[in-house]
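A.B. asks: Attaching a single structure in structure tokens format; questions to follow.
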Amino acid sequence: MPKSPSEEQILVRQSGPLSGSVVVPGAKNSALKLMAATLLADGDYTITNTPHIADVPIMATLLEALGVVVDSSRMDQGILRITNSGSITPVAPYELVEKIRASINVLGPLLGRFGEVRVAMPGGDDFGSRPIDMHLAGLEAMGATFTFAHGDVIGVCERLHGAEITLEFPSVGATENILTAAVFAKGTTVLDNAAREPEITDLATMLVSMGADIEGIGSGTLVIHGVEVGKLHSADHRVVPDRVQAATYMSAVGVAGGEVKVIDAIGEHMDMLLKRFTDMGMRITPTEDGVIAEASGRLKSIDVATLPYPGIATDYKPLIVTMLSVADGVGIVTENLYPGRFRYVEELQRLGADIRTDGHHAVVRGRESLSGAPVRAPDIRAGAALVVAGLVAKGTTVIHDIHHIDRGYEDLVGRLRSIGADIERI
Ligand code: UD1
């Protein structure tokens, strides 16, 4: 009997130097949100450069439960066809919502378009608490009211109205939900301290091609002039390349050495991280169609703090901690977004890494090398970081629970093997 994906493991042996090129697929954190945005208008959508990852069919199932038709037959080419014929039931059930955090992104479009929504409270990666108070406060300022029952949040409104909203913190999810609701609000919404991640720019760009009127895209102030409900139309869109997957291949070069071109990586979207890679001793060269990452010898330790974009993303952090665990010196990593996001450290310690954590901080004392061991992937990004750690661990590292990695990485094993890593999926 074939093994279920959850029983599969990734086996990595010490490897390097790496060489060649890898192509980065579209971003998970954009594709899932673009899919949710198709709830806003009837018609046919073609989303290209969609990553072949497990979260996409989960989001597709959720959209289908709401009444949208998703055709994944060309997903081998990254093409997703979505048809919204208008018969939508604005109720997102728990069984589907709890699997991925991005499912909360149906809240804004459903409320803005239909004036009613019922969504189970979201799940996703299990690090720290992930409240949605800022999403709800923003939508309330636009005229919605919310109640809670049986684990669901239930929202109602007449047509939403424009409002001046300042987020306490530039939350990615709150920015997206307020933006996708405001496109249909009566009047103008000014969203201050909005998140500026490239994936939000990608979403706003698709909304504009659907007929939305949005100013300030890419900045911390989004100005949304609402259009009449029903005035948006479908559009085609290409998903922005995934900066976290790109960073993963660069960090692999960082620990294993070599020279790899990460095709389609957009240097501008990773500016701060690339500077820090350079501080660690890597050579980073942005080109027209990607970024070349080079490393030889041991990396140098640095201190890093995670911050909202354009700062160092929290999603890069497990990769950085892995790099520091074999760098020369001591590095302090400060997590400013999710207090609970150091769980993978215990797994890196099993590989011999010298890391101490205290609240928001990790102190990483670099070792010459790590030593292979069985480990578990606790979430998507930490799982990928353990794979990267395996490249610099003597002997064999076996990563279990790799279904987490499959949620966000398209063929991580095949791509790493293509640049010379000794890695297989068993
Ligand atoms: C998204 C990304 C995730 C990334 C994160 C930060 C998706 C599916 N996930 O998550 O990979 O790590 O951005 O870059 O795109 N917060 C509140 N109240 C709210 C909303 C957020 O307190 O209403 C807090 C969160 O608990 C967290 C911080 O704000 O501490 C950041 O959250 P947010 O930016 O909203 O991240 P997500 O959209 O959940």
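A.B. asks: Restricted to the range 156-175, and to residues that are part of a strand (DSSP E or B) and in contact with a Gly (Cβ under 9 Å, 6 or more places away or on another chain), which residue is nearest to the ligand (Cβ to nearest atom)?
C.D. replies: That would be ILE165.
A.B. asks: Say whether the condition of being within 29 Å of VAL413 (Cβ to Cβ) and charged (D, E, K, R) is met by at least one residue in the range 108-124.
C.D. replies: No.
A.B. asks: Quickly run through the range 218-245 and pick out the residues that are over 22 Å from ARG113 (Cβ atoms) and not in a helix (DSSP H, G or I).
C.D. replies: Within the range 218-245, GLY218, SER219, GLY220, THR221, ARG238, VAL239, VAL240, PRO241, ASP242 meet the criteria.
A.B. asks: Shifting gears a bit: Among the listed residues LEU63, LEU139, LEU34, LEU107, which satisfies the condition of being under 28 Å from ILE224 (Cα atoms), assigned by TED's automatic domain parsing to the domain that holds MET206 and away from the ligand (no atom under 12 Å from the Cβ)?
C.D. replies: On inspection, the qualifying residue turns out to be LEU63.
A.B. asks: Do the conditions hold for VAL106, that is, is it modelled with pLDDT of 95 or more, surrounded by 21 or more Cβ atoms within 10 Å (Cβ to Cβ) and either assigned to a strand (DSSP E or B) or on the phi > 0 side of the Ramachandran plot (or both)?
C.D. replies: no
This table checks each residue for (1) within 16 Å of the ligand (Cβ to nearest atom); (2) among the hydroxyl-bearing types (Ser, Thr, Tyr).
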site: GLY258; (1), (2): no, no
site: MET270; (1), (2): yes, no
site: LEU274; (1), (2): no, no
site: THR278; (1), (2): no, yes
site: GLY281; (1), (2): no, no
site: ILE284; (1), (2): no, no
site: LEU299; (1), (2): no, no
site: ILE312; (1), (2): yes, no
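A.B. asks: Please list, ordered by residue number, the strands (runs of 3 or more DSSP E) wholly in the range 339-426 having 3 or more residues that are hydrophobic (A, V, I, L, M, F, W, C).
C.D. replies: The qualifying strands (runs of 3 or more DSSP E) are 361-365.
A.B. asks: Hey, any hits in the range 89-102 for a residue that's in a helix (DSSP H, G or I), on the phi < 0 side of the Ramachandran plot, among the charged types (D, E, K, R) and within 16 Å of the ligand (Cβ to nearest atom)?
C.D. replies: There is at least one residue in the range 89-102 that is in a helix (DSSP H, G or I), on the phi < 0 side of the Ramachandran plot, among the charged types (D, E, K, R) and within 16 Å of the ligand (Cβ to nearest atom).
A.B. asks: Of the residues GLU347, GLU368, which single one is over 26 Å from ILE263 (Cβ atoms) and surrounded by fewer than 18 Cβ atoms within 10 Å (Cβ to Cβ)?
C.D. replies: GLU368
A.B. asks: Hey, does the range 398-411 have a residue that's under 15 Å from GLN349 (Cα atoms) and at pLDDT 95 or above?
C.D. replies: Yes, the range 398-411 contains a residue that is under 15 Å from GLN349 (Cα atoms) and at pLDDT 95 or above.
A.B. asks: OK, next. Every residue in the range 188-217 that is touching a strand residue (DSSP E or B) at 6+ places or on another chain (Cβ under 8 Å) and in a loop (DSSP other than H, G, I, E, B), please.
C.D. replies: Across the range 188-217, the qualifying residues are ASN193, ALA194, ALA212, GLY216.
A.B. asks: So, one more: Determine, yes or no, whether MET134 is in contact (Cβ under 8 Å) with a residue 24 or more places away in the chain, within 14 Å of the ligand (Cβ to nearest atom), surrounded by fewer than 18 Cβ atoms within 10 Å (Cβ to Cβ) and not hydroxyl-bearing (Ser, Thr, Tyr).
C.D. replies: It is false that MET134 is in contact (Cβ under 8 Å) with a residue 24 or more places away in the chain, within 14 Å of the ligand (Cβ to nearest atom), surrounded by fewer than 18 Cβ atoms within 10 Å (Cβ to Cβ) and not hydroxyl-bearing (Ser, Thr, Tyr).
A.B. asks: Then there's this: Touching a residue at least 60 places away in the same chain (Cβ under 8 Å) and not β-branched (Val, Ile, Thr): does that describe LEU40? Break it down stepwise before answering.
C.D. replies: Details: touching a residue at least 60 places away in the same chain (Cβ under 8 Å): yes; not β-branched (Val, Ile, Thr): yes.
Yes; evaluated as a whole, the condition is true for this residue.
A.B. asks: Related question: Quick one: is ILE178 modelled with pLDDT of 95 or more, closer than 24 Å to ASP42 by Cβ and within 15 Å of the ligand (Cβ to nearest atom)? Can you show your working first?
C.D. replies: Details: modelled with pLDDT of 95 or more: yes; closer than 24 Å to ASP42 by Cβ: yes; within 15 Å of the ligand (Cβ to nearest atom): yes.
Yes.
A.B. asks: Given the conditions (1) assigned to a loop (DSSP other than H, G, I, E, B); (2) crowded, with 22+ Cβ neighbours inside 10 Å; (3) within 14 Å of the ligand (Cβ to nearest atom), and given that PHE184 satisfies all but one, which numbered condition is not satisfied?
C.D. replies: (3)
The values are calculated or read from the model by the stated rules, or taken from the named source; none is laboratory data. Just so you know, these numbers come straight off a predicted model, no measurement behind them. Cβ sites come from the backbone with ideal geometry, for glycine too, and all protein chains shown count toward neighbours.
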